[in-house]
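The values are calculated or read from the model by the stated rules, or taken from the named source; none is laboratory data. Being a predicted model, the structure only gives us computed values, none of them experimental. So basically every Cβ, Gly included, is an ideal-geometry build from the backbone, and we count neighbours across all protein chains shown.
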């Protein structure tokens, strides 16, 4: 029972980490009015700077967590997250708000590195895949919940209510995990070389440490871009349905069919299978473009496919890396390449849609899904060669 409670509490911390993005998205219009001098670009940067921290320091955070221990890193991250939310509740001057967002980026990064590492360590092997898939749902679920309840919270308690509610959630998670998380075993962690670049090279050159992140990049570069842009370009009248249904289908398929399949095949094979189904869905979306209902069915098929990839990628992290130190490094790489994908995917797809429409969308999706399959095939062969 303690293991179950620990996993759920770590997942709850992940919800808080996702809300570090989501709360600013919900308050975007209010913040744009309050910080009128910053303009839309300035407020957009306020959203994205949290991810930029992960993009720059993702693998570095994985190395740091491996040194200081997951429990200590998680508790400090939750405490920092609570403090910066309290500061943000008073809507300080824009420079101070941006400093708080950079600090929040460090908090976010630590949580998303520690989360999968600790869940893999706590979960019994028999349901490790299910636990890792649950973790993978934290981002999409948080956005759905905030979209549903956030406006009501703001209407009653104002912008400060949302920030303070987030701070309270982080403190609640901190208290739970202070009690539940096992104490860190202090040990010396060997590094790949004298410098950060050498350590990065060691991670991405490894077919075990780097493989989950490389496949995850092919997922993130497509998923956020499609969720953002597809509703606006499908058959008129279907965009709203697709915008709501796609993230829900993605989470639902990941937590049901994805978990069931993980009990029968390896996580890497499931990632490749998800990409394969994504290719079929992308081709169907292209062939039936503009048909309304059938078009929406293939869009939901696409959402289900990438949902499977999402959950199986975190399960692969645990399956390929048996030690907590290696899992922390691999999770840091996932954070880094995941942020690279979310940062670059949407502007890239927007450019492609403007120039090539539905055909460009299909090529974009199929290209990255084929790349995902190829990356895992190559890395699997490298692991087989090393084990001989």
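Overview of results
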item	result
Residue 84 being surrounded by 22 or more Cβ atoms within 10 Å (Cβ to Cβ) and without any contact (Cβ under 8 Å) to a residue 60 or more places away in the chain	yes
Checking residue 44 against (1) touching a residue at least 24 places away in the same chain (Cβ under 8 Å); (2) surrounded by fewer than 22 Cβ atoms within 10 Å (Cβ to Cβ); (3) under 21 Å from the mean Cα position of the chain (by Cα); (4) more than 26 Å from residue 214 (Cα to Cα), the condition it does not meet	(1)
Among (1) within 30 Å of residue 271 (Cα to Cα); (2) in contact (Cβ under 8 Å) with a residue 12 or more places away in the chain, the one test that residue 164 misses	(1)
Which listed residue is modelled with pLDDT under 85 and surrounded by fewer than 17 Cβ atoms within 10 Å (Cβ to Cβ), from 186, 99	186
Long-range neighbours under 6 Å by Cβ, at least six apart or interchain, first residue in a loop (DSSP other than H, G, I, E, B) within the range 175-200, second loosely packed, with under 13 Cβ neighbours inside 10 Å and at pLDDT 75 or above	192/198
Residue match in the range 130-144 (condition: without any contact (Cβ under 8 Å) to a residue 24 or more places away in the chain and surrounded by fewer than 20 Cβ atoms within 10 Å (Cβ to Cβ))	no
Exclusive hit being crowded, with 17+ Cβ neighbours inside 10 Å, modelled with pLDDT of 90 or more, under 18 Å from the mean Cα position of the chain (by Cα) and under 23 Å from residue 141 (Cβ atoms), set 18, 77	77
For residue 322: the one exception among (1) closer than 19 Å to residue 133 by Cα; (2) assigned to a helix (DSSP H, G or I)	(2)
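Yes/no matrix, rows are residues, columns are (1) more than 19 Å from the chain's Cα centre (by Cα); (2) more than 17 Å from residue 111 (Cβ to Cβ); (3) touching a residue at least 24 places away in the same chain (Cβ under 8 Å):
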{"position": "23", "(1), (2), (3)": "no, no, yes"}
{"position": "26", "(1), (2), (3)": "no, yes, yes"}
{"position": "33", "(1), (2), (3)": "yes, yes, no"}
{"position": "36", "(1), (2), (3)": "yes, yes, no"}
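Residues checked against (1) touching a helix residue (DSSP H, G or I) at 6+ places or on another chain (Cβ under 9 Å); (2) over 21 Å from residue 14 (Cβ atoms); (3) modelled with pLDDT under 90:
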position	(1), (2), (3)
122	yes, no, yes
142	yes, no, yes
151	yes, yes, yes
157	yes, yes, no
212	yes, no, no
215	yes, no, no
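Residues are listed down the side, and each one gets a yes or a no for (1) surrounded by fewer than 24 Cβ atoms within 10 Å (Cβ to Cβ); (2) modelled with pLDDT of 90 or more; (3) more than 21 Å from the chain's Cα centre (by Cα); (4) within 30 Å of residue 183 (Cβ to Cβ):
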residue	(1), (2), (3), (4)
260	yes, yes, yes, no
278	no, yes, no, no
282	no, yes, yes, no
288	yes, yes, yes, no
294	yes, yes, yes, no
314	no, no, no, yes
320	yes, yes, no, yes
329	no, no, no, yes
348	yes, no, no, no
